[in-house]
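To keep things clear, I will list the structure first and then write my remarks on it.
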Amino acid sequence: MDEITFRKYTSEDASLFKSLNIEWLEKYFVVEPIDELVLSNPQTEILDKGGFILMAEFNKKVIGTFAFIKKEELLYEFSKMAIQPSYRGKGYGNTMIQFAISFAEQHHWKKIILYSNTLLENSIHLYRKYGFIEVPIEEQVVYSRGNIKMELNLN
């Protein structure tokens, strides 16, 4: 398998970042107001608040993306991971999560959290494989589709 590479998001990626995520959301769930807000305004909603967005490229073509949303000092939410449909099921999710964890370790974060849905069995399996454990979810969760919260302690 050829290597995928990662680079930081630029403003030119805005429409692709949004469309990749909208496609995924519409396939499995619905686009919620919070999704529309964040995906339409990644600069103000993620980057300006101390977060990161990364783009995954294969042969110089963007095939996926993910974001880290800053929750508090050294605590980030892994979010907005999406892969082009034609590249799903080929192991790129593994590569993306490995890169995400090493990115977090390089930044000396204490913990990564994520919200998901137990219907996404492959995703949950992937997160568990890399050490994420299920933790109690807040009553007022941001995403109505979120029914599982997981975290990875990095210390």
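Read the figures in this text as sums done on the coordinates, not as results from a lab. Every value quoted in this text rests on a predicted model; they were computed, and no experiment measured them. In this analysis, Cβ positions are derived from the backbone assuming ideal geometry, glycine residues included, and neighbour counts consider all displayed protein chains.
Please give the number of the condition residue 108 fails out of (1) outside any helix (DSSP H, G or I); (2) in contact (Cβ under 8 Å) with a residue 24 or more places away in the chain; (3) surrounded by 12 or more Cβ atoms within 10 Å (Cβ to Cβ).
Residue 108 satisfies every listed condition except (3).
How many of the residues making up the stretch 52-88 are farther than 19 Å from residue 29 by Cβ, of a type outside the set (A, V, I, L, M) and not in a helix (DSSP H, G or I)? Working first, answer last.
We begin by selecting, within the stretch 52-88, every residue farther than 19 Å from residue 29 by Cβ; these are 52-63, 68, 70-76, 86-87.
Next, from what is left, pick out any that are of a type outside the set (A, V, I, L, M): 52, 57-61, 68, 70-73, 76, 86-87.
Those left that are additionally not in a helix (DSSP H, G or I): 52, 57-61, 68, 70-73, 76.
Residues meeting the conditions: 12.
What pairs come up if the first residue lies in the stretch 71-97 and is free of Cβ contacts under 8 Å to residues at least 40 places away in the same chain, the second is assigned to a loop (DSSP other than H, G, I, E, B), and their beta carbons are under 8 Å apart, counting only those six or more places apart or on different chains?
74/108; 74/109; 74/110; 75/109; 75/110; 76/51; 76/109; 97/130
Being closer than 22 Å to residue 22 by Cα and either of a type in the set (S, T, N, Q) or in contact with a Phe, Trp or Tyr (Cβ under 6 Å, 6 or more places away or on another chain) (or both) narrows it down to one of 64, 89, 146, 93, so name that one.
Working: 64 fails: either of a type in the set (S, T, N, Q) or in contact with a Phe, Trp or Tyr (Cβ under 6 Å, 6 or more places away or on another chain) (or both); 89 fails: either of a type in the set (S, T, N, Q) or in contact with a Phe, Trp or Tyr (Cβ under 6 Å, 6 or more places away or on another chain) (or both); 93 fails: either of a type in the set (S, T, N, Q) or in contact with a Phe, Trp or Tyr (Cβ under 6 Å, 6 or more places away or on another chain) (or both).
Criteria check complete, one pass: 146.
Give the residues of the stretch 126-154 that are closer than 17 Å to residue 99 by Cα and loosely packed, with under 13 Cβ neighbours inside 10 Å, sorted by residue number. Steps first, please.
Of the stretch 126-154, the ones closer than 17 Å to residue 99 by Cα are 126-132, 151-154.
Once the filter is applied, which keeps residues that are closer than 17 Å to residue 99 by Cα and loosely packed, with under 13 Cβ neighbours inside 10 Å, the stretch 126-154 yields 128, 129, 153.
Kindly check whether there is at least one residue in the stretch 25-41 that is more than 22 Å from residue 147 (Cβ to Cβ) and touching a residue at least 12 places away in the same chain (Cβ under 8 Å).
Taking the stretch 25-41 first, the residues more than 22 Å from residue 147 (Cβ to Cβ) are 40-41.
Now narrow it down to the ones that are touching a residue at least 12 places away in the same chain (Cβ under 8 Å): 40.
Yes: one or more hits.
Can you find a residue that is in a strand (DSSP E or B), buried (at least 18 other Cβ atoms within 10 Å of the Cβ) and either out of contact with any His (no Cβ under 6 Å at 6 or more places or on another chain) or among the β-branched types (Val, Ile, Thr) (or both) anywhere in the stretch 28-48? Show your work before the answer.
Residues of the stretch 28-48 in a strand (DSSP E or B): none.
Within the stretch 28-48, not a single residue is in a strand (DSSP E or B), buried (at least 18 other Cβ atoms within 10 Å of the Cβ) and either out of contact with any His (no Cβ under 6 Å at 6 or more places or on another chain) or among the β-branched types (Val, Ile, Thr) (or both).
Kindly establish whether residue 93 is among the small types (Gly, Ala, Ser) and within 21 Å of residue 125 (Cβ to Cβ).
yes
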